[in-house]
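A.B. asks: Here's a structure for you.
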Amino acid sequence: MKTLETWFKEYAVSHQNKTNIAIHFVCVPAIFFSIVGLLMSIPSGFLSSIIPGDNPFIENWAFVALLLVLFFYVRLSVKMALQILVFSAICIIGNYYISQYAPLWMISIIIFVVAWIGQFYGHHLEGKKPSAADDLKFLLIGPAWVIQKMFGKK
């Protein structure tokens, strides 16, 4: 299994251009946030029947999916898994509050599409295809790479 550092080195190959990196700092978290929103938009009737209590922050499909995603990160780095956990919690809370004022699925789709347009523009500037074109696991490495760049070792 690849280490987190190996994943980061491979990801960095197509992320050298400063503008592309800046775009990724905005668009990668936005895509993650929008996917959480889309998952939270799926009716959670089944989950409500198996999870005791009434907690909208855990009675949704995003919570279930993020638990599975965290296993991927824990295998790479406990520290990164904890950082992703914090970011995931912020995404769930943010999406919950958006859902109180607007159709979450619609807002999530708009964010998703705009952020991917930004991503493709960044890679156009970079002159290299997105890493996820080679391995879909890079879709999970992107958020970790952004967190590492922002809060990791300089």
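A.B. asks: Identify, please: which residue in segment 101-136 is loosely packed, with under 15 Cβ neighbours inside 10 Å and charged (D, E, K, R) and is, among those, farthest from residue 73 (Cα to Cα)?
C.D. replies: 129
A.B. asks: Residue under question is residue 79, and the condition is that it be open to solvent by 80 Å² or more (accessible area, probe 1.4 Å), without any contact (Cβ under 8 Å) to a residue 60 or more places away in the chain and among the basic types (Lys, Arg); does it hold?
C.D. replies: Spelling it out, residue 79 is indeed open to solvent by 80 Å² or more (accessible area, probe 1.4 Å), without any contact (Cβ under 8 Å) to a residue 60 or more places away in the chain and among the basic types (Lys, Arg).
A.B. asks: One residue is enough: does segment 48-60 have a residue meeting the conditions under 26 Å from residue 130 (Cβ atoms) and hydroxyl-bearing (Ser, Thr, Tyr)?
C.D. replies: no
A.B. asks: Of the residues in segment 77-115, how many are within 16 Å of residue 151 (Cβ to Cβ) and under 16 Å from the mean Cα position of the chain (by Cα)?
C.D. replies: Matching residues across segment 77-115 total 11.
A.B. asks: Note down all Cβ pairs under 7 Å where the first residue falls in segment 3-19 and is closer than 14 Å to residue 144 by Cα, the second is outside any helix (DSSP H, G or I), and they're at least six residues apart or on different chains.
C.D. replies: Between residues of segment 3-19 that are closer than 14 Å to residue 144 by Cα and residues that are outside any helix (DSSP H, G or I), the close pairs are 4/77.
A.B. asks: Exactly one condition in (1) of a type outside the set (A, V, I, L, M, F, W, C); (2) buried (at least 19 other Cβ atoms within 10 Å of the Cβ); (3) without any contact (Cβ under 8 Å) to a residue 12 or more places away in the chain is not met by residue 24; state its number.
C.D. replies: (3)
A.B. asks: While we're on this one: If I go through segment 138-151 residue by residue, how many of them are surrounded by 14 or more Cβ atoms within 10 Å (Cβ to Cβ) and over 12 Å from the mean Cα position of the chain (by Cα)?
C.D. replies: 2
A.B. asks: Which of the residues that make up segment 114-132 are among the small types (Gly, Ala, Ser) and assigned to a helix (DSSP H, G or I)?
C.D. replies: Result: 115, 118, 122, 131, 132.
A.B. asks: Could I ask something else about it? Yes or no: residue 86 within 25 Å of residue 129 (Cα to Cα), modelled with pLDDT of 95 or more and β-branched (Val, Ile, Thr)?
C.D. replies: Against the criterion (within 25 Å of residue 129 (Cα to Cα), modelled with pLDDT of 95 or more and β-branched (Val, Ile, Thr)), residue 86 does not qualify.
The values are calculated or read from the model by the stated rules, or taken from the named source; none is laboratory data. Only a predicted model underlies this, so the values are computations on that prediction, with no experimental measurement involved. Because the Cβ atoms are built from the backbone with ideal geometry, glycine has one as well, and the counts that use them run over all protein chains shown. Just so you know, the surface numbers come from the protein's heavy atoms only, side chains and all, with ligands and any DNA or RNA stripped out. Shrake-Rupley method; radii C 1.70, N 1.55, O 1.52, S 1.80 Å.
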